[in-house]
1. For ALA95 and GLN22, calculate 0.36 nm times their separation in residues minus their Cα-Cα distance, and state this gained length in nm to one decimal.
2. Label SER62 and VAL109 with points 7 Å out from Cα along Cα→Cβ: what is the distance between them in nm?
Amino acid sequence: MERKIFYCKQCGQTFSDNAGNQPECPNCRIGLIETEIYKPTWDNYTKEEKDEIRATLKEKYSVDKSASALKEQLLQGSPSNDLLSGMARDIKQIAHDIHFMYIVLAVYVVLTVLGILIIMGQLSRY
Ligand SMILES: [Zn+2]
């Protein structure tokens with residue numbers, strides 16, 4: 001059985017367990033999130049690289065952080081190509097999130113322009 005790295009989104013700690021398991025955090029008693037990182041790969045990372053990955057995971061699983069900031073962090077601060085390939089699936093998800101944000105932004109812009117047009121129409125009437 002291959003061991004993978006699991007992440008606790010509450011306390012931000014990482015743990016290892018068999019892939020496919022659903023372990024819970026020994027600190028928080030909530031379910032851990034299975035990452036795409038294998039234990040042997042993880043063990044090869046330096047402490048700084050592990051901290052960086054935890055920061056990336058924190059961004060990924062935090063709802064109030066923007067997806068574009070995460071993408072920037074992944075592109076600029078990835079410790080190795082190995083990590084990049086491991087997170088290829090995550091990047092696809094991020095691209096999807098960014099696409100969604102563009103749609104929201106487009107709707108917002110259209111509504112703003114419509115609002116301005118309505119206000120201008122009312123002003124010119126008086
Ligand atoms: Zn925890």
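1. Answer, rounded to one decimal: 23.6 nm.
2. Each label point is offset 7 Å from its Cα along the Cβ direction, giving 2.8 nm.
Rule-based calculations on the coordinates, nothing more; no lab input. All figures in this text were calculated on a predicted structure; none of them were measured in a lab. All Cβ positions, glycine included, derive from the backbone under ideal geometry; neighbour counts span all protein chains shown.
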